[in-house]
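Read the structure below first, then the notes.
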């Protein structure tokens, strides 16, 4: 695992994978299957792994956190960056920050929540996290009311933020006053598009952000990397062709839930056995699985 500070070049070099977390039937971590998924990503050229919402770290027990971090630190390749998450609630943020002190992760993402939270309180929580953990945070902006562009810029200017994952969903991603403001206040080289392949071209081309995160990259890592390289090369026609090939699985995620669909998709594509869902999540109805399987296998075939 790479432990040096994350740079804009790192954010540009790899699609940032946001994998699910594989579990055994007793809900303990399935180390072999998680390793299989990591190797699949690394074989496709992905070198940055962000464990957050798709890994259902919202619901992880603090008592399991150290063992998860130990596994992730040891399972990733020497050149891979691993970013775990903490939170979303203040008590978890602080308890997990204390555990992170014992490891050498270059950063950790704070999971966002709107209730109970206010932008000024989010700022304070980020400051306390960085003080305790001793590493800069990844700021995950998922909703308008979570934090303002100005408050985010204050945290960046104070040296508390490694990078920003921007993931506010818009009906038309070209019309985004929040992101337009954010890139004037914060160096866009430390901002990444956080909603997968679908808005990535617009976010990188029109707003100048530096990279993008993806869940579907877990199925087709090499293909997602082709899209990223096409965007950086300004070959937008090729990037658009690849983006459309990711759309069927993304449509499944948008319709039935991004976290559970990805969890099923990775297993149904036989990339890795993701196992049971950690509550409070639950599996999708069996009737939905053939459509997810078809979309996942079609995408894998393009890898």
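The values are calculated or read from the model by the stated rules, or taken from the named source; none is laboratory data. Predicted model only: the values in this text are computed from it and were never measured. Using ideal geometry, Cβ is built from the backbone for each residue, glycine included, and neighbour counts are taken over all protein chains shown.
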Practice prompt. Answer with yes or no whether residue 203 is at pLDDT 95 or above, touching a helix residue (DSSP H, G or I) at 6+ places or on another chain (Cβ under 7 Å) and either assigned to a helix (DSSP H, G or I) or over 18 Å from residue 251 (Cβ atoms) (or both).
Written response: no
Worksheet item: Quick check: anything in region 189-197 assigned to a helix (DSSP H, G or I) and either modelled with pLDDT of 95 or more or surrounded by fewer than 18 Cβ atoms within 10 Å (Cβ to Cβ) (or both)?
Response: yes
Discussion item. Return the residues of region 272-283 that are out of contact with any strand residue (DSSP E or B) (no Cβ under 8 Å at 6 or more places or on another chain) and over 17 Å from residue 218 (Cβ atoms); say none if nothing qualifies.
Written reply: 279, 280, 282, 283
Item to complete: From 84, 116, 88, grab the single residue that is within 19 Å of residue 215 (Cα to Cα) and without any contact (Cβ under 8 Å) to a residue 40 or more places away in the chain.
Response: 84
Item to complete: Read through the list (1) in contact with a helix residue (DSSP H, G or I) (Cβ under 7 Å, 6 or more places away or on another chain); (2) not in a loop (DSSP other than H, G, I, E, B), then give the number of the only condition that residue 168 fails.
Response: (2)
Response to the item:
The condition of being surrounded by fewer than 23 Cβ atoms within 10 Å (Cβ to Cβ) and on the phi < 0 side of the Ramachandran plot holds, among 45, 52, 74, only for 74
Item to complete: Could you list all residues from region 280-300 that are within 20 Å of the chain's Cα centre (by Cα) and under 24 Å from residue 29 (Cα atoms)?
Response: 280, 281, 296
Worksheet item: In region 243-289, which residue that is part of a helix (DSSP H, G or I) and touching a residue at least 60 places away in the same chain (Cβ under 8 Å) is nearest to residue 35 (Cα to Cα)?
Response: 266
Item to complete: Tally the residues that are touching a helix residue (DSSP H, G or I) at 6+ places or on another chain (Cβ under 8 Å) and within 17 Å of residue 178 (Cα to Cα), restricting the search to region 123-152.
Response: 11
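Here is a check on your reading of the model: is residue 49 under 21 Å from residue 193 (Cα atoms) and part of a helix (DSSP H, G or I)?
no
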Item to complete: Report the residue count in region 9-30 for those that are under 15 Å from the mean Cα position of the chain (by Cα) and either free of Cβ contacts under 8 Å to residues at least 40 places away in the same chain or not in a loop (DSSP other than H, G, I, E, B) (or both).
Response: 5
Worksheet item: On the given criteria, is residue 92 surrounded by 18 or more Cβ atoms within 10 Å (Cβ to Cβ), farther than 21 Å from residue 267 by Cα, out of contact with any strand residue (DSSP E or B) (no Cβ under 6 Å at 6 or more places or on another chain) and modelled with pLDDT of 95 or more?
Response: yes
Worksheet, complete the sentence: Out of (1) in contact with a helix residue (DSSP H, G or I) (Cβ under 8 Å, 6 or more places away or on another chain); (2) buried (at least 18 other Cβ atoms within 10 Å of the Cβ); (3) assigned to a loop (DSSP other than H, G, I, E, B); (4) touching a residue at least 60 places away in the same chain (Cβ under 8 Å), the one residue 6 does not meet is (1)
Worksheet item: Within region 58-100, can you find the residues that are over 18 Å from residue 28 (Cα atoms) and assigned to a helix (DSSP H, G or I)?
Response: 90, 91, 92, 93, 94, 95, 96, 97, 98, 99, 100
Worksheet item: Among the numbered criteria (1) out of contact with any helix residue (DSSP H, G or I) (no Cβ under 8 Å at 6 or more places or on another chain); (2) crowded, with 21+ Cβ neighbours inside 10 Å, which single criterion is violated by residue 271?
Response: (1)
